Structure formats: structure tokens, C-alpha cells
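Asker: Have a look at this one.
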Amino acid sequence: MSPRRPARTTRALAILATAAMLLGGATATAAPGDDRALPPGGVSVDGQRIPVHGTFAYRGFQLDTNPEIRGAVHGVRRIDGGTVLYYSLGMARGQGAEKISPTWAFPNSSYPYQMSRAVDVALIDPVGLIAYRPVADPTTTFASDVTKLAGEAGALRVGWAVFPELPPGVETVQVVMPWGTAVGDVPVEDGALTPVSGEPAPRLGDGWPQTPSGAELAGADPSSRLYTLTRRTSDIAGTAAVEETTEQVAVTLDANVLFASGSADLSAEAQQVLATVAADIQARGAGEVVVAGHTDSDGSDSFNQTLSEQRAAAVLGVLQPASGAAVTFTSVGRGESEPVASNATDEGKQANRRVTVVYSVQGVS
């Protein structure tokens, strides 16, 4: 039987396990019983859980010549007056520097933020298509001081940032760290992490930074830190490209797949693509659906105008019966008048041969 380790040694091993994994000394898939392995979800230190919802790595300014910064997201938590993000970051030894440069960890902050604040972070609601940035009032930026995070190599220091209050229905978010590094599917939980440390950027395992009170956050304008996003997706074949906001969906259908050259007769593949579009319109469409046909510049203006009208009508003929009674339809032909690419190349002509379907959507509750 192996001797029992003292509590302090066990605590140190737990912290080192987290640091080793994040800084490259171990992985979460180490053999069972390996003290360096990171248990799923985090580690326990003196009976307290250090949650780990995801890890990240990046290099300052995205330059390979700069040391690699590594870290973890420890929580997105609802607090009075806002939402706080907890994370830790550091760098491994042996990268040519004994201490992290603040500019490696975060870009310089600018108006409306104070200088040297860790504000190059965001929370993304992928369902509501809203991005949240840290809040600030005229005198205070509610985020870590970057100079406090710039600790010695081999250690992880805890940072934080406060964002606007998230709607009650938001259960998970994507966390974006500096230079676009992302950690997805982070749960949104209630209450600040404890215990609270007296340090502004404590070492991981030595407590969590103090978060501002609701009264301190009252002077910040959360509405100025919200940004509406556009989601862009496409099927593998590139037949349907979708741009979506919280208010509208615009589907661009590749006429090269939907129709034979010079024809307005829909292909068999078109039926399947249009069935998917119709199902979405039926599920959440509202108001008017506008179907527009477009062509390249080959052929006469009158031929292209007629062809674009016929193709739009053909698409409408499939969508309308399958989309329910909550929407109305209009089809128009634009001919060659609205190119999205140059007609001087085959690739440009192919992009211009298209049918667009634009409709409003019911808001996300």
C-alpha cells in the first residue's frame, strides 16, 4: 500500500496537474492514476472544485516568433448587474522569456476602455446571434489589468471580465479569447466563484478575483456592448448559401445546380434543396418571401430577363405550397442587372447565375 500524501502535497499536485496540462506538460488523456492527468471538468483543491470548461492557445499578434500563451475558461457566471467570465492563462518555460509580456497576452485596449485592460474577449450567443463585449463606465473598465496577468513563465494566473446581463434563456455561450481564439459550449451558471482572493490576478488554485457589485456596475451602459451577428453557412456542395440574422434569412441558390443551362426546369436535386428551405420558412418564416432570379451577361438582355423571371417562378412554385399559410410570396426577375461577380470570367458568371430567397423570421425567445 502506498503511503498517503499530506494534504498540502495533494493540493500542490492538483494545481500542478492543471498547470501541466494547460502549459503543455501533460494531457487530459494520461493514464489512470497519473497525477498529471486532468479529470473531466476540472480538479479539486482542498475540497474546492476548479472548473475547466475548455482550453485555448494563441500567440501574441498571431506571430510564430512570439511565445505561445495557453489557458482555460473556468466559468461564465451570472452576477448582480452583469455576467462575469473567469479564465486563466500563462506560458510554459523554455520559450525564451521568463515572464509574459502584457502585449503577448492581450492587445492594447482603446476607447471606451481604460488602457492596459484585458478587453479583447467576447461572449457569443450562437442561437440569439448576439456578441457581448466587456462593460465600462466613464471611469472604470470592468476587466483584469493586463500587467497583473503578465506573470512568470510556468504559472497560470486568473483573469476576469464583466459583460452585460445575458437573457434568461441563454444556457451556453462561446467564449472568444484574444486574436479570435474560441472556446465553445461554455455553460452559463449562477453566482460568482468562491473563495475570493485578495489578489487582482491570483495564481490558479489560490482563489478567484473579486468581482464588482451591482452598484458598481450600475453606471455602465450594457446596450453599447451588444452587437448583432450574421451567421453564414453553406451545404457541402455549395448549392445553398445562407446569411442569417435575428430578423432575416437570405438564401442564395446556385442556378447551375437547380437548372440546366438556359432552362427554367428544376432538376431532381433542386427539389431536395428547396424542401429544406421550405421547411425553415414554415417553421419560423414571417411576412413576405421574395424570390428573385439572376443571370450572367451571356445572351440578350431580354432573354436573360425572361429566364430570370421563369426561374424565380419555378422556385416559388415549389416553395409556396410547402411553406404554410403564415407567409406570402413574390417572385421577380433581375436578369443580369445585379451581378455579384465579374462576368469577365467563367467563375464570375457561375456566381451570377443564382436565385435568392429572402424572408423575415420570428424572433428568438
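Asker: How long, wide and thick is the range 42-191, going by the Cα atoms along their three principal axes, in whole angstroms, largest first?
Answerer: Principal axes ranked by extent give 46, 41, 26 Å for the Cα atoms.
Asker: Out of the total accessible area of the chain (probe 1.4 Å, heavy atoms of protein only), what percent is carbon and sulfur?
Answerer: 51 percent
Asker: Rg over Rh of the range 119-275, using C-alpha atoms and the Kirkwood radius, what does it come to?
Answerer: Ratio of gyration radius to Kirkwood radius: 1.17.
Asker: For the chain, what is the calculated [θ] at 222 nm in deg cm²/dmol (nearest 500), taking -39500 (n - 2.57) for each run of four or more DSSP H residues and dividing by its residue count?
Answerer: After summing the helix terms and dividing by the residues of the chain, the value is -6000 deg cm²/dmol.
Asker: Can you bin the range 102-143 into rounded, prolate or oblate? Criterion: square roots of the alpha carbon gyration tensor eigenvalues sorted a ≥ b ≥ c, rounded for a/c under 1.5, prolate for a/b above b/c, oblate for the rest.
Answerer: oblate
Asker: Rounded to the nearest 10 Å², what accessible area does Met115 show when all protein chains are kept and the probe is 1.4 Å?
Answerer: Met115 has an accessible surface of roughly 120 Å² with all protein chains in place.
Asker: Taking a cut-off of 29 Å, what percent of all Cα-Cα pairs in the chain are separated by more than that?
Answerer: The answer is 55 percent, as a whole percent.
Asker: I need the peptides 220-227, 125-132 ranked by packing, meaning the mean over residues of other C-beta atoms within 10 angstrom, with the highest value on top.
Answerer: Put in order of decreasing packing, that is 125-132, 220-227.
Asker: Stretch Ser302-Thr139 to full length: gain in nm at 0.36 nm per residue minus the Cα-Cα span?
Answerer: Additional length available on full extension: 52.4 nm.
Asker: Quick check on the range 50-93: take the gyration tensor over C-alpha atoms, sort the square-rooted eigenvalues as a ≥ b ≥ c, and tell me if it's rounded (a/c under 1.5), prolate or oblate.
Answerer: prolate
Asker: Nothing charged except the Cβ atoms of Lys and Arg (+1) and of Asp and Glu (-1): what's the magnitude of the dipole of the range 197-280 about its Cα centre? Round to the nearest 20 debye.
Answerer: Computed about the Cα centre, the dipole is about 180 debye.
Asker: Right, another one. For a quick check of your reading of the filter: which GluC sites (Glu not before Pro) in the range 217-305 sit in a DSSP loop and have no more than 13 other Cβ atoms within 10 Å?
Answerer: Those that pass, being in a loop and sparsely packed, are Glu247.
Asker: What is the P(r) of the range 80-154, as percent of Cα-Cα pairs per 5 Å bin from 0?
Answerer: Pair shares across the bins are 3, 14, 22, 20, 17, 12, 8, 3, 1.
Asker: What does the convex hull of the alpha-carbon atoms of the range 182-221 project to on average, in nm²?
Answerer: One quarter of the hull surface, i.e. the mean projection, equals 4.6 nm².
Asker: Work out how much length Asn108 to Glu338 would gain on full extension: take 0.36 nm times their residue separation and subtract the Cα-Cα distance, in nm to one decimal.
Answerer: Answer, rounded to one decimal: 78.6 nm.
Asker: Right, here's the next one. Note down the net charge around Ala155, summing +1 for each Lys or Arg and -1 for each Asp or Glu among other residues with Cβ under 14 Å from its Cβ.
Answerer: It works out to a net charge of +2.
Asker: Two decimals, Cα atoms only, Kirkwood Rh: what is Rg/Rh over the range 42-124?
Answerer: Rounded to two decimals, Rg/Rh equals 1.01.
Asker: What three numbers, in Å, describe the spread of the alpha carbons of the range 151-229 along their principal axes, ordered from the longest?
Answerer: Over the range 151-229, Cα extents along the principal axes are 38, 32, 21 Å.
Asker: If you don't mind, there's one more thing I want to ask. For the range 246-365, what percent of Cα pairs sit more than 22 Å apart?
Answerer: 32 percent
Asker: Given H placed 1.01 Å from N in the peptide plane, which residues other than close sequence neighbours of Arg59 have an amide H under 5 Å from its amide H?
Answerer: It is Ile69, by chain and number.
Asker: Relative to the present Cα-Cα distance, how much length would full extension add between Ala313 and Ser223 at 0.36 nm per residue of separation?
Answerer: Separation in residues times 0.36 nm, less the Cα-Cα distance, equals 28.2 nm.
The values are calculated or read from the model by the stated rules, or taken from the named source; none is laboratory data. Nothing here was measured: the structure is a model prediction, and the numbers come from that model. Glycine gets a Cβ as well: all are built from the backbone with ideal geometry, and neighbour counts include every protein chain shown. Just the protein is used for accessible areas: all its heavy atoms, side chains included, with ligands, DNA and RNA removed. Shrake-Rupley method; radii C 1.70, N 1.55, O 1.52, S 1.80 Å.
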